[in-house]
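Derivation of every value follows stated rules applied to the coordinates shown; laboratory data play no part. The structure displayed is predicted, hence computed values, not measured ones. Don't worry about glycine lacking a Cβ; one is built from the backbone with ideal geometry, like all the others, and counts go over all protein chains shown.
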Amino acid sequence: MAETWSGEFYCVKCKEKREASGEVRVNDKGTRMAQALCPVCGTKLNRILGKA
Ligand SMILES: [Zn+2]
């Protein structure tokens, strides 16, 4: 089951912080990333959560 994360993401298109929730992914370096969509413009948001 996918883990989800909610909180602040920085939207590069709006150039503002947005509250969003999305899926947690782990990349091949073992870094946890949260991926969500900007609720205003729909741009993909990424946030590095750090190592587990
Ligand atoms: Zn945006």
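Below, the figures for the structure above:
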read-out: Within straight-line cross-link reach of K17, lysines at Cα separation under 18 Å, skipping those fewer than 8 residues along the same chain; value: K44
read-out: Sorted largest first, extent of the chain alpha carbons per principal axis (Å); value: 29, 21, 14
read-out: Computed over region 4-51: relative contact order in percent, which uses C-alpha pairs under 8 Å that are six or more apart; value: 33 percent
read-out: Trypsin sites (Lys or Arg not before Pro) restricted to DSSP loop in region 22-52 with at most 14 other C-beta within 10 Å; value: K29
read-out: Paramagnetic label zone (point 7 Å from Cα along Cα-to-C-beta, K51; backbone N under 16 Å) in region 1-41; value: 26-33
